[in-house]
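Data first, discussion second: the structure below is written as structure tokens.
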Amino acid sequence: MAQLSHVKGTTDVPLSDTTVYGLLAATAERYPDRPAIVFREQRVRWNWREFAAEVDALAAGLGALGLRKGERVGIWSPNRAEWVVTQFATAKLGLILVNINPAYRLHELEYALRLAGCRAIVSAEKLRTSDYLAMLQKVRAALPGLEFVIRMGDARSEGMVNYDDVLAHGRARPPAPEARLDRHDPINIQFTSGTTGAPKGATLTHHNIVNNARFIALAMRFSERDSLCVPVPLYHCFGMVLAVLAAVSTGAALVFPGEVFDAGAALAAVHDERCTALHGVPTMFIAELDHPEFARFDLACLRTGIMAGAPCPIETMKRVISQMHMSEVTIAYGMTETSPVSFQSSTDDPLEKRVSTVGRIQPHLEVKIVDANGRTVPVGEKGELCTKGYSVMQGYWNDEPRTREAVRDGWMFTGDLATLDADGYCNIVGRVKDMLIRGGENVYPREIEEFLFRHPKVQSVQVFGVPDARYGEEVCAWVVLKPGQQSSADEIREFCRDQIAHYKVPRYIRFVDEMPMTITGKVQKFVMLEKMIEELKLVEAKTA
Ligand code: AMP
């Protein structure tokens, strides 16, 4: 009988019952004087003792406001020191931290705060042109449950509490004891990126994220001698779990180059702080590698880090290894609902597997690949990836129907299309929905993207299907060229000729300056599709 696509992660390392705050307390006790956290833009530098003291003060201050275990506290800010302090202070009190996307605007903000039923929110003053405090004032009238707006910054605002005052108040009080917590208590609500549809609040427990972070750190061989540069956003699991919790679980230092991603700032942070690890979505690594002053930075200190969040092009992986010296870089695959990582490559894997797959399953987890009828497919065959185990979220906050749809018999149906090979290496080949059918032939955009990415002038490429009267759907590619390059649709098509099946060759090719993206680096294909439909309609109207 054919081997089935079903794997379980084995290990000698047991799951931990530690809480989120427990992770910090242990590290602060073990390495009190070692560097803990650097926020370069804010000129903040703490060792673990100082950081833990800051967390304890904020926890005491939040407790003094009357906030209690189980209540929800939003955090709305780009990468700032207050974010991580709030993360652990709320965890200590058993408050459920609600991560609000820094890119949210009024409608989304109100939606998220209402869905989670936040009693308080810790907010930055602003980000770029977004005046957070003015937006909060606007939505407040419609959210009577939102009692406290705790604002960062020096100024005072009518009807708001100042973050520094809460901190100062907390410092003057005896430290609040850690709340009586169960490892299965929810501790965090993260809104899933929602490249389509209304955001859902994935509810995660201490057990979910603490353990995921521990195994992520293990895969990178993290220790207190490491120092991780974090250009990814904190509000996303990439920042708060793969970076912050993974570092805190081992004593590795965290270096934040700035409030938002900037390739030059990330490279400078690695150079100046001698970081040994760097995280990023593929787009970030591409921007760093193509930075005009790339050669000026000494990156020889780098060893490891994670590329994740979107398909990781093989060429980019190879450049990260050879040009950024990240010989032990790992690829991770996961989703918010699974805390997030379920596959991660290991430094022991052969190079070819490390650059072309998302590695093997994480310990204690179980994955199967199923067909449309829920039957596990033989190895090598495509199907939907389903994850089971300690990492699966408690559910979507206040959304039983959508939870039941996503998690069946303990299996999280990821919506990702994947294959497993006989050795358990996984390949993400697209989304279940990310498939188009042209004239009866199934086309997987990911495959064409990988191919076009090999073109020497192409910096990034996205492929998707557009409606077509004759074939049902046609293949469309959006291409960003490398700086200074010029090309044409014919040149790109010529590159495909004889190399890939004719039905995969894009009928429509558009050159753009950048792809529409979510803040976490997820390309919004639906935006491109809308634009193409508009454009094609105009052409139709003109020729009619
Ligand atoms: P999020 O919940 O925002 O973390 O998004 C999760 C989704 O990102 C997954 O369902 C995948 O579609 C995609 N994703 C994450 N990591 C990878 C990866 N290494 N390769 C391909 N897709 C990925």
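The values are calculated or read from the model by the stated rules, or taken from the named source; none is laboratory data. Predicted model, so just to flag it, every value in this text is computed and none were measured. Because the Cβ atoms are built from the backbone with ideal geometry, glycine has one as well, and the counts that use them run over all protein chains shown. Each accessible area value is taken on the protein alone, full model and side chains, heavy atoms only, with ligands, DNA and RNA left out. Shrake-Rupley method; radii C 1.70, N 1.55, O 1.52, S 1.80 Å.
Brief remarks follow.
- Share of pairwise Cα separations in the chain, more than 29 Å, in percent: 53
- Extension gain, Arg402 back to Glu315 (0.36 nm per residue minus Cα-Cα distance, nm): 27.6 nm
- Left without a cysteine partner by the 4.7 Å Cβ rule in the chain: Cys118, Cys237, Cys301, Cys312, Cys386, Cys426, Cys476, Cys496.
- Peptides 32-42, 482-492 ordered by average Cβ neighbours within 10 Å, highest first: 32-42, 482-492
- Shape category assigned to the stretch 365-440 from the gyration tensor of Cα positions, a/c cut at 1.5: oblate
- Pairwise FRET efficiency - Lys531 versus Asp182, Cβ, R0 = 51 Å, nearest 0.05: 0.55
- Protein-only accessible surface at a 1.4 angstrom probe places the residues His6, His207 in the order His6, His207, largest first.
- Think of the stretch 111-169 as a dipole: +1 on every Lys or Arg Cβ, -1 on every Asp or Glu Cβ, centred on the Cα centre; then among Gly153, Leu115, His169, Leu115 lies furthest on the positive end.
- Under 17 Å from the Glu108 label point (7 Å along Cα→beta-carbon), backbone N, the stretch 196-232: 196-202, 232
- Prolate/oblate/rounded call for the stretch 106-166, Cα gyration tensor, a/c under 1.5 rounded: oblate
- Cα-centred dipole magnitude for the chain, charges only on beta-carbon of K, R (+1) and D, E (-1), debye, nearest 20: 540
- Over the chain, Cα pairs under 8 Å with separation of 6+ residues give a relative contact order of 13 percent.
- Net charge of Cβ neighbours under 11 Å - reference Cys229; Lys, Arg +1; Asp, Glu -1: -2
- Computed lengthening from Arg225 to Val512, 0.36 nm per intervening residue step minus Cα-Cα distance: 99.1 nm
- A simple packing score, the average count of other Cβ atoms within 10 Å per residue, orders the peptides 465-471, 212-218, 412-418, 144-150 as 212-218, 412-418, 144-150, 465-471, with the highest score first.
- Shape of the stretch 323-473, Cα gyration tensor, a/c cut at 1.5: oblate
- Local electrostatic count, Leu4, Cβ distance below 11 Å [Lys/Arg +1, Asp/Glu -1]: +1
- Helix 48-64 vs. the chain, principal-axis angle (Cα, 0 to 90°, nearest 10): 70
- Other residues with beta-carbon under 12 Å from the beta-carbon of Ser342 carry, at +1 per Lys or Arg and -1 per Asp or Glu, a net charge of +1.
- Residues Ser346 and Gln3, FRET efficiency given R0 of 22 Å [Cβ-Cβ distance, rounded to 0.05]: 0.55
- Cleavage-rule hits, GluC sites (Glu not before Pro), the stretch 65-126, DSSP coil, Cβ neighbours within 10 Å at most 16: Glu125
- Within the stretch 266-302, GluC sites (Glu not before Pro) in DSSP loop having at most 16 other beta-carbon neighbours inside 10 Å: Glu293
- The charge dipole of the stretch 380-476, taken about its Cα centre with unit charges on the Cβ atoms of Lys, Arg (+1), Asp and Glu (-1) only, comes to about 160 debye.
- Backbone phi angles across the stretch 255-267, fed through the Karplus curve with coefficients 6.51, -1.76 and 1.60 (θ = phi - 60°), yield HN-Hα couplings of 10, 9, x, x, 5, 10, 5, 8, 4, x, 5, 5, 5 Hz in residue order; Gly and Pro are listed as x.
- For the set Val479, Val539, solvent exposure ranked by accessible area (probe 1.4 Å, protein chains only) runs largest to smallest as Val539, Val479.
- Qualifying trypsin sites (Lys or Arg not before Pro) in the stretch 134-186, where qualification requires a DSSP coil assignment and no more than 13 other C-beta atoms within 10 Å, comprise Arg156, Arg180.
- Given Lys200/Lys522; Lys388/Lys525; Lys457/Lys504; Lys200/Lys382; Lys69/Lys522; Lys318/Lys457, the pairs whose alpha carbons are separated by over 22 Å: Lys388/Lys525; Lys200/Lys382; Lys69/Lys522
- Helix 81-93 and the longest principal axis of the Cα set of the chain meet at an angle near 70°.
- Taking all protein chains together and a 1.4 Å probe, the residues His271, His107 rank His107, His271 from largest to smallest accessible area.
- Sequence-distant contacts, meaning Cα pairs under 8 Å at least 6 residues apart, place the relative contact order of the stretch 187-260 at 30 percent.
- Distance between modelled label sites at Cys301 and Gln486, nm, 7 Å Cα→Cβ extension: 4.3
- Model label points for Asp409 and His291, set 7 angstrom from Cα along the Cα-to-Cβ axis, are 4.9 nm apart.
- A Förster distance of 45 Å, applied to the separation of the beta-carbon atoms of Leu143 and Gln323, puts the FRET efficiency at 0.40.
- Straight-line cross-link partners of Lys482 among the aspartates and glutamates, defined as a Cα under 19 Å from its Cα and at least 8 positions apart when in the same chain: Asp262, Glu288, Asp290, Glu293, Glu315, Glu449, Glu450, Asp490, Glu491, Glu494, Asp513, Glu514.
- Helix-only mean residue ellipticity at 222 nm for the chain, each DSSP H run of n ≥ 4 adding -39500 (n - 2.57), per residue, nearest 500: -9000 deg cm²/dmol
- Taking the longest Cα principal axis of the chain as reference, the axis of helix 314-323 is set at about 60 degrees.
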